[in-house]
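To start, the structure itself, in structure tokens.
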Amino acid sequence: KDHPDMKRSFRLLSLLLAVLMLLSLLSACRKDDTSTTDGNPSLPGKAIHTAAQAAYLAGDYKQFSAYAKGKAELSRPEGIPLTWTEQGKAPYSVKIGESRDAADAMTFTAASSPFVFYNAKVGYTYFYTVTDADGRLCAEGQFETQAQAPRNLYIDGVTNARDLGGWMTSDGRVRQGMLYRTAKYNADESTEAVVTAEGVRTALTQLGIRTELDLRTVDDNENGGITQSPLGASVRYISFPMRSGGNILGLNRELLPELFAILADESNYPLVFHCSIGTDRTGMVAFLLNALLGVSEEDLYRDYLFSNFGEIGGMRTP
């Protein structure tokens with residue numbers, strides 16, 4: 001039989017290897033890597049946070065209760081309105097991308113002006129065009145977004161959703177569009193979806209989610225017994241039950257090597273992970289990941305406490 005010390009050493013080595021792979025995948029780009037720089041943190045830009053969110057993010061991270069108490073849905077971002085003179089034929093095609101040549105553009109349909117764009121990355125430049133139903137150009141331009149993380153998200157039907165990326169480190173900005181943290185997509189102890197059809201479209205076409213990592217428990221049917229993601233058959237569903245409670249790290253410490261092995265698999269990305277309301281088990285995983293990536297302790301707490309803007313049933317504290 002294997003010696004216990006050998007088993008512990010193997011598990012530790014496996015965890016370290018997984019962490020190294022994950023860091024290489026998600027780390028912020030170096031400042032001198034101009035070919036892959038993830039946005040420009042110095043841009044003033046369009047607001048992507050509501051007034052209450054912005055006020056909280058600009059102040060003491062411990063003063064969250066002045067703006068949100070976890071009892072209402074306040075976690076959605078501010079939308080960016082794009083306007084044009086309606087002289088063409090509806091519906092209008094709105095293309096928005098991160099490159100001037102629109103090679104990566106997302107296409108949206110609008111019945112009229114304005115079109116409100118949600119889920120922009122922080123510290124980014126976007127390029128857009130608007131054409132009418134006959135293909136005539138109605139408007140074009142560009143805009144920058146404000147650089148303050150988090151990149152909170154509007155996924156219809158889902159509360160407490162945001163990108164793990166966007167936070168600053170000494171090397172730059174943590175890569176966005178790879179890992180998302182949210183609340184559940186189907187009701188606890190039920191197969192009924194809480195995410196709407198519009199929310200599914202956002203998750204698949206705008207965020208590009210390939211994998212759903214569900215941290216809810218199975219033995220008590222917390223996850224509703226689902227075996228397929230409510231986002232559809234194209235999304236890989238991974239049930240990874242984690243225990244909740246006061247000593248949440250201690251309760252789940254033995255699961256970390258397997259968890260990091262999943263996160264180190266590049267084929268799983270973009271990936272969303274969640275528990276029930278996206279605060280405790282989800283918050284612990286997010287805290288560990290961004291800490292490993294070099295996000296400051298203050299911002300780790302700020303991200304955790306931002307969950308109070310979601311409809312999570314009550315306040316979470318430092």
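Full extension of the chain between D134 and L251 yields a length gain of 36.2 nm, computed as 0.36 nm times the residue separation minus the alpha carbon distance. Among the listed values (i) 22.6, 100; (ii) 20.4, 78; (iii) 21.5, 66, the one computed from these coordinates for Rg and Dmax of the Cα atoms in Å is (ii). So the label point goes 7 Å from the Cα of R201 along Cα→C-beta, right? Which residues of region 71-115 then have their backbone N under 15 Å from it? Only 91-96, 106-112, 115 pass the distance filter.
Annotation: per residue accessible area for region 79-180 equals 41 Å², rounded to a whole number [probe 1.4 Å, protein chains only].
For an R0 of 35 angstrom, estimate the FRET efficiency from the Cβ-Cβ distance between T109 and E311 and round to the nearest 0.05. My answer for the efficiency is 0.75. Counting only DSSP H runs of at least 4 residues, each contributing -39500 (n - 2.57), and dividing by the residue count of the chain, the helix-based mean residue ellipticity at 222 nm comes to -6500 deg cm²/dmol.
Here the gap between A187 and A233, fully extended at 0.36 nm per residue and compared with their Cα-Cα distance, gives a gain of 14.7 nm.
For A102 and D156, the FRET efficiency from 1/(1 + (r/R0)^6), where r spans their Cβ atoms and R0 equals 25 Å, is about 0.45. Here E86 and A52 are evaluated by their C-beta separation; at R0 = 41 Å the FRET efficiency comes out at 0.80.
Helices in the chain that qualify as membrane-span-like (whole DSSP H runs, Cα extent of at least 15 Å along the helix axis, mean Kyte-Doolittle hydropathy of -1.0 or higher) are 4-26, 281-292.
Can you pick out the pairs among K95/K121; K95/K184; K62/K184 whose Cα atoms lie more than 18 Å from each other? Going by Cα-Cα distance, K95/K184; K62/K184 fall outside the 18 Å limit. Entry note, the chain: relative contact order of 22 percent, from Cα contacts under 8 Å with a spacing of 6+ residues.
Taking the protein heavy atoms of the chain in the context of the full set of protein chains, the accessible area attributed to carbon and sulfur is 51 percent at 1.4 Å.
Secondary structure note: in the chain, about 70% of the DSSP beta bridges are antiparallel. The Cα atoms of region 69-178 give a gyration tensor whose axes a ≥ b ≥ c have a/c of 1.5 or more with a/b no greater than b/c, which makes the shape oblate. Taking 19 Å as the cut-off, the amide N atoms of region 56-76 that come nearer than this to a point 7 Å along the Cα-to-beta-carbon line of E297 belong to 60-64.
The values are calculated or read from the model by the stated rules, or taken from the named source; none is laboratory data. A quick note: this is a predicted structure, and the numbers were derived from the prediction, not measured. Heads up, the Cβs are rebuilt from the backbone with ideal geometry, glycines too, and the neighbour counts pull from every protein chain shown. Accessible surface areas use protein heavy atoms only, side chains included; no ligands, DNA or RNA. Shrake-Rupley method; radii C 1.70, N 1.55, O 1.52, S 1.80 Å.
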